[in-house]
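Worksheet: one structure, shown below.
The values are calculated or read from the model by the stated rules, or taken from the named source; none is laboratory data. Nothing here was measured: the structure is a model prediction, and the numbers come from that model. Every residue, glycine as well, gets a Cβ built from its backbone with ideal geometry; the counts of neighbours run over all protein chains shown.
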Amino acid sequence: MNAEEILAKLVSFPVLGGESNLTIIHWIKDYLAEHGVEGVLVPNEEGTKASLHCRIGPAVDGGVILSGHTDVVPVEGQEWTSEPFTLTDKQDGLLYARGSCDMKGFAACCLEALPDMVKADLKKPIYFAFSYDEEIGCLAAPDLVKAINDYYQEKPQFAIIGEPSMMIPTIGQKGICLFETRVTGSEGHSSRIKQEVSAIHESMRLILWLENKMDSLIGAGRTDDRFTPNHTSIHIGRIEGGIAPNVIAQECNFTWDVRTIPSETPQEVFEEFEQYCREREAELRKVYPGFSITTSNIHPAVPGLDTHQDQAIVGLTQRLAECDDLDAVSYAAEAGQFAEGGFEAIICGPGDIAQAHRADEFVSKEQLDWGVRFMNNLIKELS
Ligand SMILES: [Zn+2]
């Protein structure tokens, strides 16, 4: 099967982030088995989802992991002009389907090259590492990385994460952390706003604090020009509270994210915010003793990626991709998690992130061919 045929198969599994991915992962496992490669599953606790890893080539140090996720984002509410889970060739050089770009195109390139990898006389091994639940917070990669480190006695050196980067080696990625803040005030007639504590009014103060915190980081010159925007961003994306214009709101909650440049951590923002919340609590409990603010992590923080230009992975990926440029991206990906696991990590894959997550997502045939060439170059490099 060529990459396009494999991609058509992969996009036909409508596996959304959060859902069981066993259909697609077993298809991949079977495909590997047909070529004599044993895929090792890394299931979740309930056995409803699984990542997969495998090795092609000798059990020696210095190998290259090729990694991607098997889940995609929903299509609901989007205006697709073709069936989202059918790979559609509109004869315009582009292949349309949910996941064609993000990021089953890369997986298709890996799988097309598999027979050649198996036949080649590899001196260093190639590994595949396919995860699930990436689209809802890169949830599975830490376990997958640990499983790879535990399973193989040899130590792979490199991890290439094939997120869409137009085949430009991408050495920087922002980290992300999501929070939910719940504010509990006191209910009452709106005329009593000075005697009660409105959870909405107080939430507004907290939100403003967060926005000011972001501005103070920018003002202090804490920026990294590899990224757009070049600073840690703090954004409140959802808010809920209150029942009527004339009722003081007892409850209000809002969710927010912190997208950090690699030199920053969400911890600092969180700790200072918590300190401010404790001050506000102390103040407002004088008015209403039951007043409280609690903030929790919605899911574990995803680390950023900060690979340096002099690391061996950079030159290697530039040779494989036949591309001297380097890039940095503001979206979250699993590359930072692989770096934390002890691998030199980089992002490089076919397709443009601008096409990801939207209606009529596509990958160009040219990009897909480029991805296949990348794999052929990798085989030559390691043989
Ligand atoms: Zn992705």
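Applying the selection to segment 241-260, what residues are in contact with a strand residue (DSSP E or B) (Cβ under 6 Å, 6 or more places away or on another chain) and more than 15 Å from residue 330 (Cα to Cα)? Spell out the reasoning first.
First, pick out the residues of segment 241-260 that are in contact with a strand residue (DSSP E or B) (Cβ under 6 Å, 6 or more places away or on another chain): 241, 248-249, 251-260.
Within segment 241-260, 241, 248, 249, 251, 252, 253, 254, 255, 256 qualify.
For segment 133-142, a residue qualifies if it is buried (at least 19 other Cβ atoms within 10 Å of the Cβ) and in a helix (DSSP H, G or I), and exactly one does: 141.
Rundown of residues vs (1) surrounded by 15 or more Cβ atoms within 10 Å (Cβ to Cβ); (2) under 20 Å from residue 228 (Cα atoms); (3) over 30 Å from the mean Cα position of the chain (by Cα); (4) at pLDDT 95 or above, yes/no style:
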{"site": "262", "(1), (2), (3), (4)": "yes, yes, no, no"}
{"site": "270", "(1), (2), (3), (4)": "yes, no, no, yes"}
{"site": "278", "(1), (2), (3), (4)": "no, no, yes, yes"}
{"site": "283", "(1), (2), (3), (4)": "no, no, yes, yes"}
{"site": "307", "(1), (2), (3), (4)": "yes, yes, no, yes"}
{"site": "310", "(1), (2), (3), (4)": "no, no, no, yes"}
{"site": "322", "(1), (2), (3), (4)": "no, no, no, yes"}
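Look through segment 66-98, keep the residues that are away from the ligand (no atom under 16 Å from the Cβ) and either of a type in the set (Ser, Thr, Tyr) or closer than 23 Å to residue 42 by Cα (or both), and return whichever of them is surrounded by the most Cβ atoms within 10 Å (Cβ to Cβ). Within segment 66-98, the match that is surrounded by the most Cβ atoms within 10 Å (Cβ to Cβ) is 96. In segment 261-365, counting only helices (runs of 4 or more DSSP H) that sit wholly within it, the ones holding 2 or more residues that are touching a strand residue (DSSP E or B) at 6+ places or on another chain (Cβ under 6 Å) and over 30 Å from residue 248 (Cβ atoms) span 312-321, 335-340.
Could you check, for segment 158-174, whether at least one of its residues is among the β-branched types (Val, Ile, Thr), under 11 Å from the mean Cα position of the chain (by Cα), within 14 Å of the ligand (Cβ to nearest atom) and crowded, with 24+ Cβ neighbours inside 10 Å? Scanning segment 158-174 turns up at least one residue that is among the β-branched types (Val, Ile, Thr), under 11 Å from the mean Cα position of the chain (by Cα), within 14 Å of the ligand (Cβ to nearest atom) and crowded, with 24+ Cβ neighbours inside 10 Å. What do you reckon, is residue 48 farther than 18 Å from residue 334 by Cα, loosely packed, with under 15 Cβ neighbours inside 10 Å and in contact with an Asp or Glu (Cβ under 7 Å, 6 or more places away or on another chain)? No; evaluated as a whole, the condition is false for this residue. Residues in segment 219-252 that are in contact (Cβ under 8 Å) with a residue 24 or more places away in the chain, in a loop (DSSP other than H, G, I, E, B) and under 28 Å from residue 353 (Cα atoms): 8 in all. Tell me yes or no: at least one residue of segment 176-196 is within 14 Å of the ligand (Cβ to nearest atom), under 27 Å from the mean Cα position of the chain (by Cα) and in contact (Cβ under 8 Å) with a residue 60 or more places away in the chain. Yes, the conditions are met somewhere in segment 176-196. Given the structure, is residue 124 within 14 Å of the ligand (Cβ to nearest atom) and charged (D, E, K, R)? Taking the combined requirement at face value, the residue does not satisfy it.
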